[in-house]
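Written out below as structure tokens is the structure these notes cover.
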Amino acid sequence: MKDKEIQKLIEKETARQKKVINLIPSENYVSKDVLTALGSIFDNKYAEGYPKKRYYGGNTFTDELEILCQNRARKAFGLSDKLWHVNVQPHSGSPANLSVYLALVPPGGKIMGMTLTAGGHLTHGQKVSITGKMWNQVPYGVDPKTEKLDYLALKKLARKEKPNLIVAGFTAYPRAVDFKKFREIADSVRLPAGRQGAFLMVDMSHVAGLVAGKAYNSPFLYADVVTTTTHKTLRGPRSAIIFSRKGKKLGDKEICVLIDKAIFPGLQGGPHMGQIAGVAVCLKEAAAPAFKKYAKQVVKNCQALAKELGKLGWRIVSGGTESNLLLVDTWMSGKGLPGKEAEAKLEKAGIIVNKNTIPGETRSPFDPSGIRLGAGAETTRGRKEKDMIKIARKIDTILRNGTKG
Ligand code: DSN
């Protein structure tokens, strides 16, 4: 590489990534093939529009690439092209979610989503995000005792508030989700205009790889729309995909058409074709038999980490995990260690985590009461349960140093 300044930074970051134990649940290590595709000459090409309907010439191979990527997305999740339309153009998760709301929820309409402190994402209608400024969030949380979803309470709330769209999907919820129940809740909503039912959007960003690997419930039997980033457990480049159900309508318009229009020309210009090439590669990898083993191991590793930390006296939010992540209460359970300090202490010792709010949060998102840990990245590096137990013990020693518990 001629640019030595950037080369140096790449080398430093490579060394950092090799050296640390990475427990950030939204990160992963992509294959060399993903990186090659991502950094390929497809990045040179403008391809505004969709396959066979572009606003620039020279798109023979980008058309082929985008169609291949859409087909691989369906294959990775076992979907029929008769039932599911796929858009692989979102530059990342936030524009993916935003485009769905733009397409399906009128300005000022209601989006029922989980609060940030209970594990929702900014783009699920939080006030600080555009999704909470253009639309009104109907916030929901978890049961304060179990710290799990309370479907009965959700149904009551939905029937009272009549949201246009319900988001099932989270950024810090460690448990399995009953998507069938979410479908029933969405169907029970009577909208003022007389249209029965709210749209059900599942944001499966965190668990997409687990869904592809059959280690987590699939939302596809029940959702109208499924959004996902591609760089978490799916182990692809930073990007996103939107799946929308064919035949589902808003008024007389197909929702897939409305969502495509919301992405382009509504929100974005040209798709990042290098990114789409990288996504196509990761989707082929995710459809291979070895990926099932990976997905199952992620959950087993996460459970081993949670169990050992629990044994060592740390309170695990909701008592455990059935996914790629877990939350540790470092403050409210009496340990007296703010999440920010816990994150910093661990980083100093080479373990990378992120501070996180926990249900019933009494501090602030910038310095919350807990930390979030995940097993996606370390499982890619071949770690198994016994390694996670050792990591848990190391975390315990580092965090206990100078704390009350
Ligand atoms: N920031 C991501 C996460 O860490 O969960 C979601 O966008």
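Summary table
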item	result
Residue list for segment 154-176, restricted to those being more than 13 Å from the ligand (Cβ to nearest atom) and either assigned to a loop (DSSP other than H, G, I, E, B) or under 15 Å from THR131 (Cα atoms) (or both)	LYS162, PRO163, ASN164, LEU165, ILE166, VAL167, ARG175, ALA176
Given (1) within 14 Å of the ligand (Cβ to nearest atom); (2) hydroxyl-bearing (Ser, Thr, Tyr); (3) assigned to a loop (DSSP other than H, G, I, E, B), index of the condition SER94 fails	(3)
Pairs with Cβ under 6 Å, 6+ apart, first in segment 113-124 and in a loop (DSSP other than H, G, I, E, B), second small (Gly, Ala, Ser) and open to solvent by less than 10 Å² (accessible area, probe 1.4 Å)	GLY119/ALA172; GLY120/GLY113
Single residue of LEU68, LEU102, LEU83 found to be open to solvent by 50 Å² or more (accessible area, probe 1.4 Å) and in contact with a strand residue (DSSP E or B) (Cβ under 8 Å, 6 or more places away or on another chain)	LEU83
Single match in LYS45, LYS53, LYS75 (criterion: exposed (fewer than 13 other Cβ atoms within 10 Å of the Cβ) and more than 16 Å from the ligand (Cβ to nearest atom))	LYS53
Members of segment 119-147 that are away from the ligand (no atom under 14 Å from the Cβ) and surrounded by 18 or more Cβ atoms within 10 Å (Cβ to Cβ)	GLY125, GLY132, TRP135, ASN136, GLN137, VAL138, PRO139, TYR140, GLY141, VAL142, GLU147
Subset of segment 362-403 that is within 16 Å of the ligand (Cβ to nearest atom), within 17 Å of ASP329 (Cβ to Cβ) and part of a loop (DSSP other than H, G, I, E, B) - its residue that is most open to solvent (accessible area, probe 1.4 Å)	PRO365
Single residue of segment 11-29 satisfying the filter (hydroxyl-bearing (Ser, Thr, Tyr) and in contact (Cβ under 8 Å) with a residue 40 or more places away in the chain) that is nearest to ARG383 (Cα to Cα)	TYR29
Residue match in segment 45-53 (condition: touching a Gly at 6+ places or on another chain (Cβ under 9 Å), in contact (Cβ under 8 Å) with a residue 40 or more places away in the chain and of a type in the set (Lys, Arg))	yes
Of the criteria (1) in a helix (DSSP H, G or I); (2) open to solvent by 50 Å² or more (accessible area, probe 1.4 Å), which one LEU258 fails	(2)
Residue in segment 345-352 that is open to solvent by 10 Å² or more (accessible area, probe 1.4 Å), touching a residue at least 60 places away in the same chain (Cβ under 8 Å) and under 21 Å from the mean Cα position of the chain (by Cα) present	yes
Among residues of segment 213-247, those that are open to solvent by 10 Å² or more (accessible area, probe 1.4 Å), away from the ligand (no atom under 12 Å from the Cβ) and either among the small types (Gly, Ala, Ser) or within 11 Å of the chain's Cα centre (by Cα) (or both), counted	3
Unique match (being under 17 Å from TYR101 (Cβ atoms), over 15 Å from the mean Cα position of the chain (by Cα) and either among the hydroxyl-bearing types (Ser, Thr, Tyr) or assigned to a loop (DSSP other than H, G, I, E, B) (or both)) among VAL138, VAL142, VAL128	VAL128
Considering residues of segment 21-41 that are farther than 17 Å from LYS284 by Cα and under 23 Å from the mean Cα position of the chain (by Cα) only, the residue farthest from the ligand (Cβ to nearest atom)	ILE21
Selection count, segment 285-321, where residues are under 30 Å from ALA73 (Cβ atoms), assigned to a loop (DSSP other than H, G, I, E, B) and touching a helix residue (DSSP H, G or I) at 6+ places or on another chain (Cβ under 7 Å)	1
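Residue by residue, here is whether (1) farther than 30 Å from VAL328 by Cα; (2) among the acidic types (Asp, Glu) holds:
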residue: ASN136; (1), (2): yes, no
residue: LEU154; (1), (2): no, no
residue: THR171; (1), (2): no, no
residue: PRO174; (1), (2): no, no
residue: VAL177; (1), (2): no, no
residue: ALA198; (1), (2): yes, no
residue: ALA212; (1), (2): no, no
residue: ALA215; (1), (2): no, no
residue: ASP224; (1), (2): yes, yes
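The values are calculated or read from the model by the stated rules, or taken from the named source; none is laboratory data. Just so it is clear, the model here is predicted, and its values are computed rather than measured. Cβ sites come from the backbone with ideal geometry, for glycine too, and all protein chains shown count toward neighbours. Ligands, DNA and RNA are stripped out before the accessible areas are found, and what is left, the full protein with its side chains, is counted by its heavy atoms. Shrake-Rupley method; radii C 1.70, N 1.55, O 1.52, S 1.80 Å.
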